[in-house]
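The values are calculated or read from the model by the stated rules, or taken from the named source; none is laboratory data. All values reported here derive from a predicted model rather than from experimental measurement. Positions of Cβ are generated from backbone atoms using ideal geometry, with glycine treated the same way; all protein chains shown enter the neighbour counts.
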Amino acid sequence: MPVETIRWKGELEGCAELIDQTRLPEELVYVRCETPEDMWEAIKMLRVRGAPAIGIAAAMGLVLGVKDSDATDFDAFVQELREVKDYLATSRPTAVNLFWALDRMERTARENSGLGVPELKERLLEEALRILEEDRETCRRIGRNGAELLKDGNTVLTHCNAGGLATADYGTALAVLFAAAERGMQVGAYADETRPLLQGARLTTWELKQAGIPVTLICDNMAAQVMKEGRIDAVVVGADRIAGNGDVANKVGTYGVSVLAAHHGIPFYVAAPVSTFDLSLACGEEIPIEERDPEEVTRWGGRTTAPDGVDVYTPAFDVTPAANVTAIITEKGVIEHPNAQKVRAHVRGEQ
Ligand code: MRU
């Protein structure tokens with residue numbers, strides 16, 4: 001059974017519940033988010049994380065922020081909605097799905113400006129749940145499209161966590177493995193541990209073990225050796241934002257893996273929904289890269305792992321140039337050797 005990363009409990013008066021991913025793999029617990037502040041904190045602290053899941057969370061956060069609104073007319077209501085939207089948009093900067101989902105929610109409100117405020121609130125909850133449901137289907141399509149690129153017996157290297165926990169329930173990069181396994185193919189994985197917050201070690205291995213897919217954990221700095229030993233047939237990763245030319249922002253370390261894959265002649269695949277593309281950006285250099293608290297690097301498990309006052313640089317993401325990407329897998333199909341023209345055609349449905 002796939003994990004249910006995030007859900008809405010009850011009717012409009014209810015709240016969001018999400019797996020607190022900071023507590024995995026020790027314990028699988030759901031936390032409640034009853035206010036937009038709860039949701040902002042959950043996104044910021046990576047209780048919910050991964051680009052598509054952040055989008056779903058933001059849409060639910062917006063509902064939490066407007067469901068008790070006292071506004072009596074559309075203009076006042078949409079003004080409040082804009083304030084909650086702007087606030088949630090400050091939680092994390094890189095995954096474009098967050099902004100995509102918030103924009104979609106505002107658009108839904110504007111398209112239904114003729115409704116009374118109570119009906120509008122219901123309509124917004126419906127839209128948040130639609131985003132969640134669509135993600136389930138989108139990820140399954142990504143999985144099916146990606147499985148076509150693998151062969152029976154293949155072993156895949158992945159970085160960070162682009163599994164069910166990063167989406168509604170099935171994942172993007174890991175969906176490729178899940179779909180291949182569902183077809184009866186024997187596939188396995190190596191998971192980079194993914195410093196500093198260990199999404200690979202804590203989350204990816206947990207998910208793959210649950211699914212019965214053989215997985216071997218390695219430290220990030222072992223990937224080159226593992227490739228050189230011929231253990232990897234393909235790399236499959238997720239994405240937080242893909243620029244118009246096919247440059248891919250994903251968890252820091254992904255770029256390095258792409259360089260290693262190119263050096264060893266190993267195909268490097270990116271699996272992501274169309275909502276992860278940002279055609280307003282010409283290239284990856286324009287993607288905002290989140291920097292996080294230095295303590296995430298200087299402390300671990302309650303211990304200090306570096307001297308006090310040491311300078312620390314903490315980009316949470318990096319950009320893999322399109323030239324290093326063998327193909328991008330989406331719910332619509334596969335973009336081989338992506339470039340600006342192919343990306344535009346794919347996203348706008350011209351191919
Ligand atoms: O900081 P995180 O854990 O939110 O980073 C997540 C990633 O980098 C994922 O690979 C990406 O969001 C794709 S999730 C399907």
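In this entry, ALA175 passes the filter for residues that are assigned by TED's automatic domain parsing to the domain that holds THR314, modelled with pLDDT of 95 or more and under 22 Å from ILE6 (Cβ atoms).
Just to be sure before I move on: is LEU157 buried (at least 22 other Cβ atoms within 10 Å of the Cβ), in the same structural domain as LYS67 (by TED's automatic domain parsing) and within 15 Å of the ligand (Cβ to nearest atom) in the structure I sent?
Values: buried (at least 22 other Cβ atoms within 10 Å of the Cβ): yes; in the same structural domain as LYS67 (by TED's automatic domain parsing): no; within 15 Å of the ligand (Cβ to nearest atom): yes.
It is false that LEU157 is buried (at least 22 other Cβ atoms within 10 Å of the Cβ), in the same structural domain as LYS67 (by TED's automatic domain parsing) and within 15 Å of the ligand (Cβ to nearest atom).
Scanning region 5-18 for residues that are surrounded by fewer than 19 Cβ atoms within 10 Å (Cβ to Cβ), touching a strand residue (DSSP E or B) at 6+ places or on another chain (Cβ under 8 Å) and outside any strand (DSSP E or B) yields one hit, GLY14. Applying the set (1) out of contact with any strand residue (DSSP E or B) (no Cβ under 6 Å at 6 or more places or on another chain); (2) more than 16 Å from the ligand (Cβ to nearest atom) to THR216 leaves exactly one unmet item: (1). Scan region 225-248 and give yes if some residue there is under 27 Å from ALA57 (Cβ atoms), surrounded by fewer than 24 Cβ atoms within 10 Å (Cβ to Cβ), modelled with pLDDT of 95 or more and within 16 Å of the ligand (Cβ to nearest atom), otherwise no. Among the residues of region 225-248, not one is under 27 Å from ALA57 (Cβ atoms), surrounded by fewer than 24 Cβ atoms within 10 Å (Cβ to Cβ), modelled with pLDDT of 95 or more and within 16 Å of the ligand (Cβ to nearest atom), which makes the answer no.
When the residues of region 328-351 are narrowed to those that are touching a His at 6+ places or on another chain (Cβ under 8 Å) and surrounded by fewer than 20 Cβ atoms within 10 Å (Cβ to Cβ), which ends up nearest to LEU149 (Cα to Cα)? In this case the residue turns out to be GLY333.
Search region 178-195 for residues being of a type in the set (A, V, I, L, M, F, W, C) and away from the ligand (no atom under 13 Å from the Cβ), and hand back the single one that is surrounded by the fewest Cβ atoms within 10 Å (Cβ to Cβ). Among those that are of a type in the set (A, V, I, L, M, F, W, C) and away from the ligand (no atom under 13 Å from the Cβ), it is MET185. So how many residues does region 19-52 have that are away from the ligand (no atom under 15 Å from the Cβ), buried (at least 16 other Cβ atoms within 10 Å of the Cβ) and acidic (Asp, Glu)? Residues that pass the stated criteria total 1.
Residue count for region 299-351 satisfying the condition of being touching a Ser or Thr at 6+ places or on another chain (Cβ under 9 Å) and aromatic (Phe, Trp, Tyr): 1. For region 110-136, a tally of residues being in a helix (DSSP H, G or I) and without any contact (Cβ under 8 Å) to a residue 40 or more places away in the chain returns 10. Here ASP308 fulfils each of the conditions (1) within 16 Å of the ligand (Cβ to nearest atom); (2) within 24 Å of PRO196 (Cα to Cα); (3) acidic (Asp, Glu) apart from (1). Are any residues in region 78-132 in contact with a Phe, Trp or Tyr (Cβ under 7 Å, 6 or more places away or on another chain) and loosely packed, with under 13 Cβ neighbours inside 10 Å, and if so, which ones? Result: SER113, single match.
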